[in-house]
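Reviewing the structure listed below.
The values are calculated or read from the model by the stated rules, or taken from the named source; none is laboratory data. Note that the structure is predicted; figures quoted are calculated from it, not measured. When we count neighbours, we look across all protein chains shown, and the Cβ atoms used for this are built from the backbone with ideal geometry, even at glycine. Surface accessibility is based on the protein's heavy atoms, side chains included, excluding ligands, DNA and RNA. Shrake-Rupley method; radii C 1.70, N 1.55, O 1.52, S 1.80 Å.
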Amino acid sequence: MLYRILKLWVRTGYAIFFRRVHLRGIEKVDVEKPAIFAVNHPSAFIEPTIIATHVSFPVHFLTRGDVFNNKFLWFFNATNQVPVFRFKDGFNRLRNNQDSFEKCYAKLLEGAKLLIFCEGSMKWIKRMRGVQPGAAKMAF
């Protein structure tokens, strides 16, 4: 419910802020089948929210695990976010990825669409950086 309310609110804000938003190839996505969107990530917030607000289906996001805390866990769950932990978050926290990937696999079996930022970080540069293996591992 919160996801749909935020989607409408943010899309309205983007209609004011951006003149046009173009999503290419989205018509090729079968809404009945699961999908993994592996996208680049030059900014922290715009890409996931533009994708989520301009598609007709709900999107589940793999999100940096270090931002998850118990106070806001309800919000992350209500907005379809799944934590993914990186080595720089601490070696012990990498074990939590098993639970996150199990949740992703369960969502994919239900036909969900997952969005993962395959570069693993965000920077404003004019080229693609090296792709991390997470999206490929999930697909296999």
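All other residues whose Cβ lies under 11 angstrom from that of residue 112 are scored, Lys and Arg at +1 and Asp and Glu at -1, for a net of +3.
The residues of region 1-66 have, on average, 70 Å² of accessible surface per residue, using a 1.4 Å probe with all protein chains present.
Computed from the C-beta positions of residue 110 and residue 4, the FRET efficiency with R₀ = 22 Å rounds to 0.80. Using only Cα atoms, locate the centre of region 1-49 and the centre of region 69-94, then give the distance between them in Å, rounded to an integer. The two parts, judged by their Cα centres, are 21 Å apart. The label-point distance for residue 87 and residue 45, in a model that sets each label 7 Å from Cα toward Cβ, rounds to 3.1 nm.
Once backbone amide H atoms are built at 1.01 Å from N, residue 29 has no partners under 5 Å, excluding neighbours fewer than 5 places away on the same chain. In a DSSP loop and with at most 13 other Cβ atoms within 10 Å, the GluC sites (Glu not before Pro) in region 1-102 are 32.
Distance between the 7 Å Cα→Cβ label points at residue 21 and residue 74: 2.7 nm.
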